[in-house]
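The values are calculated or read from the model by the stated rules, or taken from the named source; none is laboratory data. Quick caveat: nothing in here was measured; it's all calculated off a predicted structure. Cβ sites come from the backbone with ideal geometry, for glycine too, and all protein chains shown count toward neighbours.
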Amino acid sequence: MNRDRGNIKWTAMMLTEHLVKLRDWVAEDAYEEKPTIDEWTFQEFQQQLDIAYQSKCELIIKTWASGEFTDSIGILQKRDLRLHLIYLTDGVTVRKINVHTIVGIQTIGFE
């Protein structure tokens with residue numbers, strides 16, 4: 001029976017600098033670049049938000065922050081045009097989302 005422990009036997013030989021570099025390398029692989037949003041797409045997002053605000057339909061909003069994409073699901077409760085924020089509620093909590101972090105919007109249950 002082969003009892004090879006893989007990386008366990010090699011970690012004792014690695015220097016701390018090597019481990020730091022390996023962790024940085026793994027974190028770099030997980031990082032995703034922010035897609036560029038042109039003016040037309042941004043206007044389309046604004047129109048979708050206006051329609052969703054008036055019809056109170058549910059939205060899936062994809063945002064980008066710190067190299068990660070996150071999806072938020074809820075109903076658009078309020079818009080703050082001065083601060084470029086929207087308030088999305090899921091019935092329990094209210095999330096503030098900066099409009100400039102939005103990379104995708106999808107409406108649910110809107111014909």
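Evaluate region 43-59: report whether one residue or more is in a strand (DSSP E or B), modelled with pLDDT of 90 or more and not hydroxyl-bearing (Ser, Thr, Tyr).
Scanning region 43-59 turns up at least one residue that is in a strand (DSSP E or B), modelled with pLDDT of 90 or more and not hydroxyl-bearing (Ser, Thr, Tyr).
Would you check if there is a residue in region 41-50 being of a type in the set (A, V, I, L, M) and either surrounded by fewer than 12 Cβ atoms within 10 Å (Cβ to Cβ) or more than 16 Å from the chain's Cα centre (by Cα) (or both)?
Yes, region 41-50 has at least one match.
Taking only region 22-42 into account, find how many residues are assigned to a loop (DSSP other than H, G, I, E, B) and either touching a residue at least 60 places away in the same chain (Cβ under 8 Å) or within 14 Å of ASN98 (Cα to Cα) (or both).
Total meeting the criteria: 3.
Which count do you get for residues in region 71-111 that are surrounded by 13 or more Cβ atoms within 10 Å (Cβ to Cβ) and among the basic types (Lys, Arg)?
2
Which residue, of GLU68, GLU58, is loosely packed, with under 13 Cβ neighbours inside 10 Å and either of a type in the set (A, V, I, L, M, F, W, C) or in contact (Cβ under 8 Å) with a residue 12 or more places away in the chain (or both)?
GLU68
Condition first: touching a Phe, Trp or Tyr at 6+ places or on another chain (Cβ under 7 Å) and either on the phi > 0 side of the Ramachandran plot or at pLDDT 95 or above (or both). Now tell me which residues in region 64-95 satisfy that.
Once the filter is applied, which keeps residues that are touching a Phe, Trp or Tyr at 6+ places or on another chain (Cβ under 7 Å) and either on the phi > 0 side of the Ramachandran plot or at pLDDT 95 or above (or both), region 64-95 yields only GLY67.
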